[in-house]
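> My questions all concern the structure below.
The values are calculated or read from the model by the stated rules, or taken from the named source; none is laboratory data. Since we're looking at a predicted model, the values are computed, not measured. For neighbour counting, all protein chains shown are included, and Cβ atoms are generated from backbone atoms with ideal geometry for every residue, glycine included.
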Amino acid sequence: MTTGTMKAVVLREIGTPLKIETLPIPQPKRGEVLIRVTACGVCHSDLHAVDGDWSPLPNLPLIPGHEVVGTVSALGEGVEHFAEGDAIGVPWMYSACGHCEFCLSGMETICLKAEATGYSKPGGYAEYMIADAAFCGRVPTGVDPYELAPILCAGVTTYRGLKRTNVKPGQWLTVLGIGGLGHIAVQYARAMGMRVAAVDVSDDKLALAKSYGAELLVNASKADPGPEIRNAIGGTHGAVVTAVSAKAFEQSVGVLRNGGTVCWIGLPGGKQDEIRMTISGIVNGEMSVRGSNVGTRQDMQEAIDFAANGLVTAKIEKQPLDAINEIFARMKKGQINGRVVLALQ
């Protein structure tokens, strides 16, 4: 049994700066594992949680963080598929009920009783954390834990979203927003055989997308991406929106060719959570707009395997735990290229 104290980042009041606190190391109950955290990615969803952008609000006091890679430190009763010392990954979806119509039909991502790591349950901005063993991912040996951490959210979320566009190998897909999720979405799309158009308001981020295989680049601060992409290639068969700007969502249908599907992934939150769209364009073009909420356990393991095989690599920047408030300040200003990962070991 692992006992003692740990350092953790704690939010005690919505909208206030995060603080480093010393807390007791939690103990696993039946079906749970205690994880010694090696790395935890910093996701824009963590910022939404701290700022109180979503309803319901997170459970306080809160330890954020849901892109976790670590090692199993202790096992709760009944856990047999992990052993102490195993490398393990923890995603946003902490647990689901397993019995409702959604869970039984492979849609556990929308279970009404689902719990969220780093939101309704304590997360990975800490030296140790508890997780539901049934919803953790197995991390292959030899994989860099810091590069893999963003795959547990940015990876699995974009991977599932790409699948939900129904775009086939050889067809075109637009990624709107080349940030923490978008730069990974480009790589998954290419690994899945898709041709990629990339949209962003930053030339640097578009250059990053090109380095990962995007063939068509559009700076949305200089031109409307819809006409640009339709004039160039007739529109794309699908699109994913990973941006956190409402404007990108409004523009997303415009990049499609008739019969195309756009999948919304990013979550602007706050006052940007509502947009205006053209009904006639969607109806006359028989286009589809879908949402995609993180990923199932199978999605997670597939996303991990893509990364473990070297087909997808997160662009990361390591930072210590006590830099979290500065990281959030940079995130608000759009100054992060790729993903920041907290290094706890």
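> Failed condition for Pro26, given (1) surrounded by 14 or more Cβ atoms within 10 Å (Cβ to Cβ); (2) over 16 Å from Phe135 (Cα atoms); (3) touching a helix residue (DSSP H, G or I) at 6+ places or on another chain (Cβ under 9 Å), with all others met?
(3)
> Mind listing whichever residues of the range 309-326 are crowded, with 19+ Cβ neighbours inside 10 Å and part of a helix (DSSP H, G or I)?
Across the range 309-326, the qualifying residues are Leu321, Ile324.
Here is a yes/no grid of residues against (1) part of a strand (DSSP E or B); (2) closer than 21 Å to Asp322 by Cα:
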residue: Pro17; (1), (2): no, yes
residue: Glu21; (1), (2): yes, yes
residue: Ile35; (1), (2): yes, yes
residue: Val50; (1), (2): no, yes
residue: Pro58; (1), (2): no, no
residue: Gly70; (1), (2): yes, yes
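> Output the number of the condition that Gly285 fails; it satisfies all remaining conditions of (1) within 30 Å of Leu148 (Cα to Cα); (2) assigned by TED's automatic domain parsing to the domain that holds Gly238.
That leaves (1) as the condition not met.
> Let me ask something else about it. Scanning for something β-branched (Val, Ile, Thr) and either buried (at least 22 other Cβ atoms within 10 Å of the Cβ) or over 24 Å from Thr2 (Cα atoms) (or both), does the range 77-84 turn up at least one residue?
No.
> In the set Leu311, Leu256, which member is over 19 Å from the mean Cα position of the chain (by Cα), among the aliphatic types (A, V, I, L, M) and at pLDDT 90 or above?
So the residue among Leu311, Leu256 that is over 19 Å from the mean Cα position of the chain (by Cα), among the aliphatic types (A, V, I, L, M) and at pLDDT 90 or above is Leu256.
> Restricted to the range 96-119, and to residues that are among the polar types (S, T, N, Q) and in contact with a strand residue (DSSP E or B) (Cβ under 9 Å, 6 or more places away or on another chain), which residue is surrounded by the fewest Cβ atoms within 10 Å (Cβ to Cβ)?
Thr109
> Take Asp224 and tell me if it is more than 22 Å from the chain's Cα centre (by Cα) and not polar (S, T, N, Q).
yes
> Restricting to the range 37-48, give me the number of residues that are outside any loop (DSSP other than H, G, I, E, B) and closer than 15 Å to Ile324 by Cα.
8
> Within the range 1-15, can you find the residues that are hydroxyl-bearing (Ser, Thr, Tyr) and either at pLDDT below 95 or not in a strand (DSSP E or B) (or both)?
Thr2, Thr3
> What residue, among those in the range 314-335 that are closer than 16 Å to Glu147 by Cα and among the basic types (Lys, Arg), is nearest to the chain's Cα centre (by Cα)?
Lys315
> So, in the range 219-236, how many residues would count as being buried (at least 17 other Cβ atoms within 10 Å of the Cβ), of a type in the set (Gly, Ala, Ser) and not in a helix (DSSP H, G or I)?
Of the residues in the range 219-236, 2 are buried (at least 17 other Cβ atoms within 10 Å of the Cβ), of a type in the set (Gly, Ala, Ser) and not in a helix (DSSP H, G or I).
> What tally of residues in the range 89-137 results from selecting those that are farther than 15 Å from Val156 by Cβ, without any contact (Cβ under 8 Å) to a residue 60 or more places away in the chain and not in a helix (DSSP H, G or I)?
Going through the range 89-137 one residue at a time, the tally reaches 10.
> All but one of (1) assigned to a strand (DSSP E or B); (2) surrounded by 18 or more Cβ atoms within 10 Å (Cβ to Cβ) hold for Ala214; state the number of the condition that does not hold.
(1)
> Here's a follow-up. State which residue pairs qualify: first residue touching a residue at least 12 places away in the same chain (Cβ under 8 Å) and inside the range 169-181, second residue among the basic types (Lys, Arg) and buried (at least 24 other Cβ atoms within 10 Å of the Cβ) in any location, beta carbons under 9 Å apart, and separation of 6 or more residues or different chains.
Filtered contacts from the range 169-181: Gly179/Arg339; Gly180/Arg339; Leu181/Arg339.
> Here's another thing I want to ask about it. (1) touching a Phe, Trp or Tyr at 6+ places or on another chain (Cβ under 8 Å); (2) free of Cβ contacts under 8 Å to residues at least 60 places away in the same chain; (3) in the same structural domain as Thr117 (by TED's automatic domain parsing): which one isn't true of Leu321, the others all being true?
Among (1) touching a Phe, Trp or Tyr at 6+ places or on another chain (Cβ under 8 Å); (2) free of Cβ contacts under 8 Å to residues at least 60 places away in the same chain; (3) in the same structural domain as Thr117 (by TED's automatic domain parsing), Leu321 violates only (2).
> In the range 237-259, is there at least one residue being touching a helix residue (DSSP H, G or I) at 6+ places or on another chain (Cβ under 6 Å) and surrounded by fewer than 17 Cβ atoms within 10 Å (Cβ to Cβ)?
So far as the range 237-259 goes, no, none of its residues is touching a helix residue (DSSP H, G or I) at 6+ places or on another chain (Cβ under 6 Å) and surrounded by fewer than 17 Cβ atoms within 10 Å (Cβ to Cβ).
Rundown of residues vs (1) at negative phi; (2) buried (at least 22 other Cβ atoms within 10 Å of the Cβ); (3) outside the structural domain of Ile130 (by TED's automatic domain parsing), yes/no style:
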{"position": "Glu32", "(1), (2), (3)": "yes, yes, no"}
{"position": "Gly52", "(1), (2), (3)": "no, no, no"}
{"position": "Pro56", "(1), (2), (3)": "yes, no, no"}
{"position": "Tyr94", "(1), (2), (3)": "yes, yes, no"}
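> In the same structural domain as Gly285 (by TED's automatic domain parsing) and surrounded by fewer than 22 Cβ atoms within 10 Å (Cβ to Cβ) - does that describe any residue in the range 156-163?
Checked against the condition, which is being in the same structural domain as Gly285 (by TED's automatic domain parsing) and surrounded by fewer than 22 Cβ atoms within 10 Å (Cβ to Cβ), the range 156-163 yields at least one hit.
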